[in-house]
1. I need a count of the residues in segment 1-53 that are basic (K, R) and farther than 26 Å from M126 by Cα.
2. If we scan segment 108-122, do we find a residue that is modelled with pLDDT under 85 and among the acidic types (D, E)?
3. With the condition kept exactly as written, say whether any residue in segment 37-59 is at pLDDT below 75 and within 29 Å of V112 (Cα to Cα).
4. Residue check, I64 against (1) at pLDDT below 80; (2) closer than 25 Å to I153 by Cβ, all met but one. Which one?
5. Can you run down the residue pairs with Cβ atoms below 7 Å, 6 or more apart or on separate chains, where the first is in segment 130-157 and assigned by TED's automatic domain parsing to the domain that holds H116 and outside any strand (DSSP E or B) and the partner is crowded, with 19+ Cβ neighbours inside 10 Å and of a type in the set (D, E)?
6. For segment 8-24, how many residues meet the condition of being part of a strand (DSSP E or B), of a type outside the set (A, V, I, L, M, F, W, C) and modelled with pLDDT of 80 or more?
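The values are calculated or read from the model by the stated rules, or taken from the named source; none is laboratory data. What you see is a predicted model; the values in this text were computed from it and never measured. Heads up, the Cβs are rebuilt from the backbone with ideal geometry, glycines too, and the neighbour counts pull from every protein chain shown.
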Amino acid sequence: MAPRAYDIRLGDTVVRVETLAETTLTVGGQPVRVESIGDGQWHVVVDGIAHRVFAAGSTDAPWIWLDGVMYRPEVADTQRPARSRGHDTSGSLSAPMPATVRAIAVSAGDHVARGHTLIVLEAMKMELPLKAPVDGVVVSIACQVGDLVQPGIVLVTLA
């Protein structure tokens, strides 16, 4: 496996990730052990602490679920030109993969804090909480409990 480097941007933070071997990366210079445990699932060990990570979507703009929080970083392979992600969707949340809406914890007009669970989805027999990426107000909810939702379709809009 040839070493590769990626710049991962999450908000204003950019972290360099480098592949060292099949199961070892450095993230911001810190060694991380990674083992695939199934389609879109990894066992990740950082500082001796194990995490289960799920990912879906494209490699340059994946949806990543880690410790109950959904992330949508931009990933730039330093050996390939970056691809544009299009319009900014930071004020909205969508499903990372086809899923069923199991619970809606907010209503339009609610004030929410960053990290507050807005919607709970079920996909691949797992619950996936969608949490507010920022403090804000729920502008609209475009789904109902029981709906089958598709990736990229806005479910909640925040302002």
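1. Selection size over segment 1-53: 3.
2. Within segment 108-122, none of the residues are modelled with pLDDT under 85 and among the acidic types (D, E).
3. Yes - at least one qualifying residue is present in segment 37-59.
4. Going through (1) at pLDDT below 80; (2) closer than 25 Å to I153 by Cβ one by one, I64 breaks only (1).
5. none
6. Number of matching residues: 4.
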